[in-house]
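To start, the structure under review is shown below, and the notes come after it.
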Amino acid sequence: MTATLIDGKAVAEDIDRRVGQAAAQLRGLLGRKPGLAVVLIGDDPASEVYVRNKVRRAAQAGMESMEIRKPASITQDEAIAIVRQLNGNPSVDGILVQMPLPDHIDAGAVINAINPDKDVDGLTAVSAGRLLAGEDGLRPCTPAGCVLLAERAMGDLTGKSVVVIGRSILVGKPAALLFLEKNCTVTIAHSRTRNLPELCRSADILVAAVGRPEMVQGDWIKPGACVLDVGINRVDAPEKGPGKTRLVGDVDFAAASEKAGWITPVPGGIGPMTIAMLLRNTMTAAARRAGIDLAVAR
Ligand code: NDP
């Protein structure tokens with residue numbers, strides 16, 4: 001392996017620590033802990049794990065974390081009413097609705113009911129519009145984590161060519177806009193893109209957010225590039241025993257590490273950054289709502 005491994009877990013721990021310091025400072029100024037509310041509808045086992053991790057990390061960082069659990073049978077209006085109640089709760093600074101929602105609920109309608117100033121996942125249409133317009137706002141967590149890791153690895157990103165594979169509203173599109181904000185030259189690739197390997201070979205920074213195990217091959221990587229693997233895919237691992245599985249990214253890690261300058265592993269790369277960015281967003285939201293300028297909030 002020639003690439004330097006980007007340790008997302010270590011960076012996330014560093015951010016959590018700084019968020020914790022800011023939370024203590026903010027607690028003194030506000031007379032209360034910054035508050036994060038997480039709404040979980042239904043009993044999806046993966047969502048249960050994500051919510052548990054978010055609530056635990058928020059509490060560890062010195063925040064008040066509130067978990068609202070509702071059965072999958074609740075109606076869309078009831079889900080929206082929960083969000084509106086949280087919008088009006090002065091001790092709640094950040095609201096997160098865990099995805100996916102049950103099929104009978106329009107996720108967009110529920111997300112867009114969140115007050116954009118409490119939208120710590122950065123997924124409301126208003127937050128997306130603020131990002132597009134270059135206005136202050138809460139940025140989506142996973143893409144923000146990608147940019148932060150790229151900056152930690154490469155320093156100033158001005159002028160870098162970035163290829164983002166994937167155009168979802170959750171990862172690909174906001175990642176492209178966030179790299180653009182850093183003065184990168186950005187190309188967004190998707191399932192209809194022609195000559196994808198060749199395009200990828202032009203990238204100083206390659207972001208893979210596809211959801212296809214190990215799709216990005218070693219010879220797609222420009223020598224010395226920074227490879228950010230967002231994908232989380234569970235695949236069979238017969239070598240670990242019958243019925244066993246393991247997690248892999250969208251990049252063939254072993255081959256790509258021979259070409260890249262920096263690379264994120266899966267797990268332990270982008271994944272831990274997502275919650276760190278959520279906590280940072282919650283601090284930002286709490287500070288802005290109180291009109292306080294905190295270093296971590298910038
Ligand atoms: P989506 O399924 O919403 O989007 C996938 C994108 O990949 C689409 O834009 C699709 O193109 C594109 N795509 C699919 N096949 C190809 C192909 N053969 N060539 C080029 N592009 C292709 O996924 P998400 O953006 O939500 O997530 C992507 C991955 O990131 C998943 O593995 C997910 O689990 C992971 N993830 C990880 C997070 C973390 O914290 N680390 C957080 C969020 C997601 P088209 O639009 O044309 O269909």
* Across the stretch 117-158, what is the number of residues that are among the aliphatic types (A, V, I, L, M) and either within 28 Å of G224 (Cβ to Cβ) or touching a strand residue (DSSP E or B) at 6+ places or on another chain (Cβ under 8 Å) (or both)? -> 11
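Check A287, A225 and return the single one that is more than 14 Å from the ligand (Cβ to nearest atom) and either touching an Asp or Glu at 6+ places or on another chain (Cβ under 6 Å) or without any contact (Cβ under 8 Å) to a residue 40 or more places away in the chain (or both).
A225
Here is a check on your reading of the model: is G88 modelled with pLDDT of 95 or more, not assigned by TED's automatic domain parsing to the domain that holds D44 and not aliphatic (A, V, I, L, M)?
On the way: modelled with pLDDT of 95 or more: yes; not assigned by TED's automatic domain parsing to the domain that holds D44: no; not aliphatic (A, V, I, L, M): yes.
When the stated conditions are applied, G88 does not pass them.
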* Asked: Being in contact with a Lys or Arg (Cβ under 7 Å, 6 or more places away or on another chain), assigned to a strand (DSSP E or B) and open to solvent by 10 Å² or more (accessible area, probe 1.4 Å), is that true of even one residue in the stretch 166-184?
  -> no
* Structure fact -> Taking the stretch 206-223 and keeping residues hydrophobic (A, V, I, L, M, F, W, C) and open to solvent by less than 40 Å² (accessible area, probe 1.4 Å) leaves L206, V207, A208, A209, V216, W220, I221
* To do: Look through G211, G145, G122, G166 and report the one residue that is in contact (Cβ under 8 Å) with a residue 12 or more places away in the chain and on the phi < 0 side of the Ramachandran plot.
  => G145
* Have a look at A203, A285, A256, A260 and point out the one that is open to solvent by less than 50 Å² (accessible area, probe 1.4 Å), out of contact with any Cys (no Cβ under 8 Å at 6 or more places or on another chain), at pLDDT 95 or above and outside any helix (DSSP H, G or I). => A203
* **the stretch 224-253, subset over 20 Å from G8 (Cα atoms) and in a loop (DSSP other than H, G, I, E, B), residue least open to solvent (accessible area, probe 1.4 Å)** => A237
* Does the stretch 46-82 hold any residues that are touching a strand residue (DSSP E or B) at 6+ places or on another chain (Cβ under 7 Å), closer than 30 Å to N233 by Cβ and open to solvent by 70 Å² or more (accessible area, probe 1.4 Å), and which are they? -> E67, R69, K70
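Considering only residues that are open to solvent by 80 Å² or more (accessible area, probe 1.4 Å) and touching a residue at least 12 places away in the same chain (Cβ under 8 Å), which ones fall in the stretch 83-99?
Once the filter is applied, which keeps residues that are open to solvent by 80 Å² or more (accessible area, probe 1.4 Å) and touching a residue at least 12 places away in the same chain (Cβ under 8 Å), the stretch 83-99 yields only R84.
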* Of the numbered conditions (1) closer than 22 Å to V266 by Cα; (2) open to solvent by 60 Å² or more (accessible area, probe 1.4 Å), H190 satisfies every one except a single condition; which is it? -> (2)
* Asked: Just one of the numbered conditions (1) within 14 Å of the chain's Cα centre (by Cα); (2) within 26 Å of V235 (Cα to Cα) is not true of G218; which one?
  -> (1)
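Just to check your reading of the model, which residue among V147, V164 is under 18 Å from C200 (Cβ atoms), in contact with a Phe, Trp or Tyr (Cβ under 8 Å, 6 or more places away or on another chain) and within 14 Å of the ligand (Cβ to nearest atom)?
The unique qualifying residue is V164.
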* To do: Within the stretch 111-144, track down each residue that is away from the ligand (no atom under 16 Å from the Cβ), among the polar types (S, T, N, Q) and open to solvent by 10 Å² or more (accessible area, probe 1.4 Å).
  => N112, N115
* Residue within the stretch 241-255 that is under 30 Å from M63 (Cα atoms), in the same structural domain as G166 (by TED's automatic domain parsing), under 24 Å from the mean Cα position of the chain (by Cα) and of a type in the set (A, V, I, L, M, F, W, C) present -> no
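The values are calculated or read from the model by the stated rules, or taken from the named source; none is laboratory data. Please read all numbers here as calculations on a predicted model, not as lab measurements. So basically every Cβ, Gly included, is an ideal-geometry build from the backbone, and we count neighbours across all protein chains shown. Calculation scope for accessible area: heavy atoms of the full protein, side chains included, ligands and nucleic acids excluded. Shrake-Rupley method; radii C 1.70, N 1.55, O 1.52, S 1.80 Å.
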